[in-house]
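S.K.: Attaching a single structure in structure tokens format; questions to follow.
The values are calculated or read from the model by the stated rules, or taken from the named source; none is laboratory data. None of these values were measured; they are calculated from a predicted model. Cβ atoms come from the backbone with ideal geometry, glycine included; neighbour counts cover every protein chain shown.
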Amino acid sequence: MKKANLLIFLLLPLFCLAQSTLKLKGKITSQTKPLEWAEITISNLEGKIIEGTTSSQDGSFEINLKNGSYKIGISLLGFTDYENKISLEKDTDLGVMTLKENETKLVEVVIQSKKKTIEQKTDRLVYNFENNVTNVGGDALSAINSAPGVVVQNNTINILGKGTSRVMIDGRIIELTGEELNNFLKSISASDIKNIEIISNPPAKYEAEGTGGLINIIMKKGVRDSWKNTTTASYDQNKYGIFTLRDNFFYNKNKFRLSASVNGKTGYMNIEEFSKVYFEDGISNMSATTKMKNENLSGKFALDYDFSEKTTVGFQFINDRNNPDFQSDIVIDRYDTQNQLKNYTINKSYADRASGSLTYNAHLITKLDSLNRKLSFDVDYFNYNSKFDREFTANDYLADGTFVDVNQSGRNISNQDIHNWSFKADMEHPLQVLNLSYGAKMSFTNSVSDLLYYNTITGTPELDPLQSNRFNYTENNQAFYVNGDKKINEKWNFQVGLRLENTQTKGFSETLNQETVNNYLKLFPTVFASYKKNDNNTFTLNYGKRINRPRFDLLNPFRIYISSNSYSEGNPFLQPSFSDNFELGYSYKEILRTTVFVNAITNGYGVLFTSNPETNTQIVTRDNYFKSLNYGVGETYSATFADWWTSENSVYFLGAKTEFIKDINATPSNSLEIDFSTNNTFVLGKNSKLQIDFSYTPPYENGLYKIGYTSSFDIGFKQDLFNKTMQIAFLANDIFNTSYLKDFTSVVNGVKQVYDQNNSNRFVRLSVVYNFGNKKINVKERAFGNQDEKKRAN
């Protein structure tokens, strides 16, 4: 009997008494005839879509809802969108609703069809970039970089003032970081993206990983019983050329929903790096030029099937392959205290690289009743593997060019293999008092990395066991969350959540015979509140606690030599850092938006560019060495200066107070950081647009580092052809070649180091996009459950 009572207690939330449902119906027509395939959406008063359907052949529709207040939206290609507030207390017939056809006059068409570029929600900012010409023929990474308050630089994506951000697609975390994440995002066509959500404080439903919040990419969707194909071809010219071809196919009929895509890229890019190290006996000046292959092939397949009106099962598969081989020429010049060249080293290397990821997802979704109580289960498997084979020879020369000796000659072979299984259950449980959701997840990760070093200075490869290593790492995580959303009245809305995560990690270096174990149990609360004073003034306030776990490769203690006097090493004792994020927002007429935030980071970890003055050796390592209080104010302004000129402008003022919690023989320094950007769209004709963008960040100081200025000036042009089934676009990006990382400076152990890196940001692009088929498609994307593990793969 006790077991039976316990079972009833556990299952009770799933089978609470159903509330009575009400019928909402109506009919959609034009001025002359009924309209089929009109898309009807029902959302709450905050704009969150909770139900939807399409009109039948006679224009009629019917939706079941519980009593309450809603917004109804109706849209159909070629007609002006319709939106209105409704209140349901009984079965309601809205009668005939007539949509107006878009006028043919240019000015009126632009005004009626254009969406708001930026929309402020309770817990996120929505960026609609469809009017941004520079993204035509581009990819997801360039689209993210054009979002307000988001910066992409040096292989990282940051929400300004918050730190590195995670990226999702339709709620599915892309579990990669750095260069691998960028390559994956570059394989996604920007033309298939509906909008981008910037979630600086994610709710409890999402993993607590990542101090910089979430960037959620929402893909375009449509209606049932249709198919669509989009083909995009583009060519980028920097120092070298890169050709990209993408194709996306969607099919949706009856109980089946299918999507498939393939993306290919080939070409080269030029990378230039410069480094100066100011040793006591003179400067060491390094310059490196790398020709890197951009070779990528990726594909996705997704299938969903409706067993009934209440139950859906589905499967997704993603395969991404990269082959970024590169050839580098490195020159290290060494000067004496009189700035006279003493000697130099020339290091030539070639690397054969390959990496790939496989992602499988199976899921089941079932509606428990007509009140949108939903239960979903996910099973996910993720595998990431990389192979790296680098051969190099470094020769020493005197200042006059006389050959001295072979400084170093070797071959590095490294492999990494990561496997992850995760199991996740989520429950959406609307109640009379509030909208409740809760869920749980278990995740199991195993990572194996090995490194073999062969000394080839004699011409015969000899394995050096002291510079070879094998590192095994396991991480298991169990999580549970509960979240409640309550609309108090027409003005106030609250959301409160709590997430519990229990983590166990173990790392073992076979070569060093060193094992490190780390277990921790943490709570992560989230709070959101919004107040709509009137139609012109809205206020939001939120708080969230986050964790930033180290990537797997950063925990590997082994030393990897970059050059004969420069090496990088991981830290098996690296601990997670934590952040407490507070944010206050204000929106005036959704034209002027103000954000004030405070972000407190404890036990912060990062890269340390240290040195050994006795051996003139440069060392790249990682450590938990700081805590910081970051704060800032952001302003965004949406302006329409004329019928043919719209502008999106933003300026952020950021500050920080940093303290070093370890003695690293360095002094922190901070200054005001200013980030300014303006994006301007000009309508040149019925089917032509011009885009002019500019951004600028002056030099600033932050903690251990000083960073030089960056700026970018871009011009884009788009021409629509054949009733917009084809688009031709041209982009000149970073015309003055000033958007790269420069003057990245730190002083540790009394040694100053300055670093620059330019990854071919200046280029021109020609793109062609072609759409055919029935454009009214409906593809339901499904979130992958192993949300926190793949992104830390490298």
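S.K.: Consider residue 453 carefully, then state whether it is under 27 Å from residue 551 (Cβ atoms), out of contact with any Cys (no Cβ under 9 Å at 6 or more places or on another chain) and crowded, with 18+ Cβ neighbours inside 10 Å. Give the derivation first.
M.R.: On the way: under 27 Å from residue 551 (Cβ atoms): yes; out of contact with any Cys (no Cβ under 9 Å at 6 or more places or on another chain): yes; crowded, with 18+ Cβ neighbours inside 10 Å: yes.
So residue 453 passes the test.
S.K.: Just to be sure, is residue 621 in contact with a Ser or Thr (Cβ under 7 Å, 6 or more places away or on another chain), closer than 23 Å to residue 276 by Cβ, β-branched (Val, Ile, Thr) and modelled with pLDDT of 85 or more? Can you show your working first?
M.R.: Values: in contact with a Ser or Thr (Cβ under 7 Å, 6 or more places away or on another chain): yes; closer than 23 Å to residue 276 by Cβ: yes; β-branched (Val, Ile, Thr): yes; modelled with pLDDT of 85 or more: yes.
For residue 621, the condition - in contact with a Ser or Thr (Cβ under 7 Å, 6 or more places away or on another chain), closer than 23 Å to residue 276 by Cβ, β-branched (Val, Ile, Thr) and modelled with pLDDT of 85 or more - is met.
S.K.: Scan the stretch 423-446 residue by residue and report those that are in contact with an Asp or Glu (Cβ under 7 Å, 6 or more places away or on another chain), assigned to a strand (DSSP E or B) and modelled with pLDDT under 90.
M.R.: 435
S.K.: I'd like the full set of residues that are among the polar types (S, T, N, Q), over 22 Å from residue 295 (Cα atoms) and without any contact (Cβ under 8 Å) to a residue 60 or more places away in the chain, limited to the stretch 238-256.
M.R.: Of the residues in the stretch 238-256, the ones among the polar types (S, T, N, Q) are 238, 244, 248, 252, 254.
So of that shortlist, the ones also over 22 Å from residue 295 (Cα atoms) come out as 252, 254.
Result: 254, single match.
S.K.: Quick check on my filter: what residues within the stretch 715-738 are over 26 Å from residue 77 (Cα atoms) and β-branched (Val, Ile, Thr)?
M.R.: Of everything in the stretch 715-738, those that are over 26 Å from residue 77 (Cα atoms) and β-branched (Val, Ile, Thr) turn out to be 715, 735, 738.
S.K.: Could you list, ordered by first residue, the pairs with Cβ atoms under 6 Å in which the first is in the stretch 263-289 and within 13 Å of residue 615 (Cα to Cα) and the second is β-branched (Val, Ile, Thr), at least 6 apart or interchain?
M.R.: Close Cβ pairs satisfying both conditions: 282/337; 284/277.
S.K.: Follow-up question, since we're still on this one. In the stretch 719-729, which residues are touching a strand residue (DSSP E or B) at 6+ places or on another chain (Cβ under 7 Å) and surrounded by fewer than 18 Cβ atoms within 10 Å (Cβ to Cβ)?
M.R.: Initial filter on the stretch 719-729 (touching a strand residue (DSSP E or B) at 6+ places or on another chain (Cβ under 7 Å)): 719-721, 725-729.
Residues satisfying the conditions are 719, 721, 725, 726, 728.
S.K.: Check whether at least one residue in the stretch 357-366 is surrounded by 15 or more Cβ atoms within 10 Å (Cβ to Cβ), under 24 Å from residue 303 (Cβ atoms) and over 27 Å from the mean Cα position of the chain (by Cα), and report yes or no.
M.R.: yes
S.K.: Another one. Read through the list (1) out of contact with any helix residue (DSSP H, G or I) (no Cβ under 7 Å at 6 or more places or on another chain); (2) part of a strand (DSSP E or B), then give the number of the only condition that residue 239 fails.
M.R.: That leaves (2) as the condition not met.
S.K.: Does residue 419 satisfy being surrounded by fewer than 18 Cβ atoms within 10 Å (Cβ to Cβ) and either at negative phi or in a strand (DSSP E or B) (or both)?
M.R.: So residue 419 fits the description; yes.
S.K.: Among the residues of the stretch 627-643, count how many are touching a residue at least 60 places away in the same chain (Cβ under 8 Å) and either farther than 30 Å from residue 547 by Cβ or among the small types (Gly, Ala, Ser) (or both).
M.R.: We begin by selecting, within the stretch 627-643, every residue touching a residue at least 60 places away in the same chain (Cβ under 8 Å); these are 628, 630-632, 634, 636, 638, 643.
Still in the running and either farther than 30 Å from residue 547 by Cβ or among the small types (Gly, Ala, Ser) (or both): 628, 632, 634, 638, 643.
Number satisfying all stated conditions: 5.
S.K.: Scan the stretch 90-107 residue by residue and report those that are at pLDDT below 80 and of a type in the set (Asp, Glu). I'd like the intermediate steps shown before the answer.
M.R.: First pass over the stretch 90-107, keeping only residues at pLDDT below 80: 101-107.
The answer is 101, 103.
S.K.: Can you name every residue in the stretch 665-674 that is of a type in the set (A, V, I, L, M, F, W, C), surrounded by fewer than 17 Cβ atoms within 10 Å (Cβ to Cβ) and not in a strand (DSSP E or B)?
M.R.: As a first pass, look at the stretch 665-674 and keep what is of a type in the set (A, V, I, L, M, F, W, C): 666, 672, 674.
Within this subset, residues satisfying the condition of being surrounded by fewer than 17 Cβ atoms within 10 Å (Cβ to Cβ) are 672, 674.
If the condition is that a residue be of a type in the set (A, V, I, L, M, F, W, C), surrounded by fewer than 17 Cβ atoms within 10 Å (Cβ to Cβ) and not in a strand (DSSP E or B), then 672 is the only one that fits.
S.K.: On to the next question. Give 329, 304, 320, 378 a once-over and let me know the one that is surrounded by fewer than 17 Cβ atoms within 10 Å (Cβ to Cβ) and of a type in the set (Asp, Glu).
M.R.: Values: 304 fails: surrounded by fewer than 17 Cβ atoms within 10 Å (Cβ to Cβ); 320 fails: surrounded by fewer than 17 Cβ atoms within 10 Å (Cβ to Cβ); 378 fails: surrounded by fewer than 17 Cβ atoms within 10 Å (Cβ to Cβ).
The conditions single out 329.
S.K.: Regarding the stretch 638-649, can at least one residue be identified that is assigned to a strand (DSSP E or B), surrounded by 16 or more Cβ atoms within 10 Å (Cβ to Cβ) and of a type in the set (Phe, Trp, Tyr)?
M.R.: No, that holds for no residue.
S.K.: Among the residues in the stretch 472-488, are any surrounded by fewer than 14 Cβ atoms within 10 Å (Cβ to Cβ) and out of contact with any helix residue (DSSP H, G or I) (no Cβ under 8 Å at 6 or more places or on another chain)? Give the steps one after another, and end with the answer.
M.R.: Pass one, the stretch 472-488, residues surrounded by fewer than 14 Cβ atoms within 10 Å (Cβ to Cβ): 488.
With out of contact with any helix residue (DSSP H, G or I) (no Cβ under 8 Å at 6 or more places or on another chain) added as a condition, the list becomes 488.
Yes, some residue in the stretch 472-488 is surrounded by fewer than 14 Cβ atoms within 10 Å (Cβ to Cβ) and out of contact with any helix residue (DSSP H, G or I) (no Cβ under 8 Å at 6 or more places or on another chain).
S.K.: Shifting gears a bit: Checking residue 204 against (1) surrounded by fewer than 24 Cβ atoms within 10 Å (Cβ to Cβ); (2) over 20 Å from residue 299 (Cβ atoms); (3) at pLDDT 80 or above, which single condition isn't satisfied?
M.R.: It fails just one condition, (1).
S.K.: Exactly one condition in (1) at pLDDT 80 or above; (2) touching a strand residue (DSSP E or B) at 6+ places or on another chain (Cβ under 7 Å) is false for residue 80; which is it?
M.R.: In the conditions (1) at pLDDT 80 or above; (2) touching a strand residue (DSSP E or B) at 6+ places or on another chain (Cβ under 7 Å), residue 80 misses (2) alone.
S.K.: Since residue 377 meets every condition but one in (1) over 25 Å from residue 268 (Cα atoms); (2) part of a loop (DSSP other than H, G, I, E, B), which condition does it not meet?
M.R.: Among (1) over 25 Å from residue 268 (Cα atoms); (2) part of a loop (DSSP other than H, G, I, E, B), residue 377 violates only (2).
S.K.: Let me ask something else. Out of everything in the stretch 556-589 that is of a type in the set (A, V, I, L, M, F, W, C) and at pLDDT below 80, what residue ends up being farthest from residue 617 (Cα to Cα)? Let's see the steps before the verdict.
M.R.: Just the residues of the stretch 556-589 that are of a type in the set (A, V, I, L, M, F, W, C), to begin with: 558, 560, 562, 573-574, 578, 582, 584.
Now restrict to residues that are at pLDDT below 80: 558, 560, 562.
Details: 558: 17, 560: 13, 562: 11 Å.
Applying the filter and picking the extreme gives 558.
S.K.: Here is a further query. Can we say residue 338 is within 30 Å of residue 265 (Cβ to Cβ) and either surrounded by 18 or more Cβ atoms within 10 Å (Cβ to Cβ) or not small (Gly, Ala, Ser) (or both)?
M.R.: Values: within 30 Å of residue 265 (Cβ to Cβ): no; either surrounded by 18 or more Cβ atoms within 10 Å (Cβ to Cβ) or not small (Gly, Ala, Ser) (or both): yes.
So residue 338 does not fit the description; no.
S.K.: Give, as residue ranges, the strands (runs of 3 or more DSSP E) completely inside the stretch 534-613 that count at least 2 residues that are assigned by TED's automatic domain parsing to the domain that holds residue 641, surrounded by 15 or more Cβ atoms within 10 Å (Cβ to Cβ) and within 21 Å of the chain's Cα centre (by Cα).
M.R.: On the way: elements: 537-548, 559-563, 566-569, 577-588, 592-612.
Once the strands (runs of 3 or more DSSP E) in the stretch 534-613 are filtered for at least 2 residues that are assigned by TED's automatic domain parsing to the domain that holds residue 641, surrounded by 15 or more Cβ atoms within 10 Å (Cβ to Cβ) and within 21 Å of the chain's Cα centre (by Cα), what remains is 537-548, 577-588, 592-612.
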